[in-house]
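One structure is given here, and the rest of the page talks about it.
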Amino acid sequence: MENWFNVGKIVNTHGVRGELKIVSKTDFPEERYQVGNTLYLFLPKQKDPMPLVIKTHRNHKSFDLLTFEGYEDINQVEKFKEGLLKVPEDQLHDLEEGEYYLHEIVGCKVVTNDGLEIGTIKEILSPGANDVWVVKGERGKEHLIPYIEDIVKEIDLDNQLITIEPMEGLLS
């Protein structure tokens, strides 16, 4: 059984020439959305993924807009709405030291440098200059932890443990 990793979700069509509006969930949109790359479409009622080759890519507002080879009309792509675009594990590449895939970080436990357990990373937001980790504590309280050197001190993927040094007011 092959492992698949989310790249984006098709949320709508755009125009009449087969362009699709994507909410990106990938760590590397500039690589994943290169013309000629193959993404795999997973639709709710289909058993097998559908390979799609990227014909065009552009950014529009907060979306990535894609067209796929052989699908140049809105009527052909209307059925793709709500589908998930994924890549197989063998398309992931090795990262530089200090770089991580989002799926490696989500699910890690976060503790302070003096041992206080904060919670588990549930999602990663990318609002601007740096990512922000949404950490959910035991009682359901959410903490927003910016992924910056001053705060994140150690990432131990083998033990799914991240150590932070919180700045004043971060955990209040």
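None of the figures in this text is laboratory data; all of them are computed from the coordinates on show. What you are looking at is a predicted structure, and each value in this text was computed from that prediction instead of being measured. No Cβ is skipped: glycine too gets one built from the backbone with ideal geometry, and neighbour counts run over all protein chains shown.
Tabulated data
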item	result
Net lengthening on full extension, Thr56/Asp158 (0.36 nm per residue, minus Cα-Cα)	32.9 nm
Out-of-range pairs (alpha-carbon distance over 25 Å; input Lys47/Lys122; Lys81/Lys141; Lys45/Lys136; Lys21/Lys136; Lys47/Lys136; Lys86/Lys122)	Lys47/Lys122; Lys81/Lys141; Lys45/Lys136; Lys21/Lys136; Lys47/Lys136
Over segment 102-164, volume per residue of the alpha carbon convex hull, in Å³	77
Residue-averaged [θ]222 nm for the chain, counting only DSSP H segments that reach four residues, each worth -39500 (n - 2.57)	-1000 deg cm²/dmol
Point-charge dipole on Cβ atoms (K/R +1, D/E -1) for the chain, about Cα centre, debye to 20	1240
Debye-sum result for the chain in log10 I(q)/I(0), which assumes one identical scatterer on each alpha carbon, at q = 0.09, 0.11, 0.12, 0.19 Å⁻¹	-0.39, -0.56, -0.65, -1.16
Per residue, the convex hull volume that the Cα atoms of segment 78-138 enclose (Å³)	160
Rounded to whole Å, sorted largest first: equivalent-ellipsoid semi-axes of segment 1-78, Cα gyration tensor	18, 16, 12
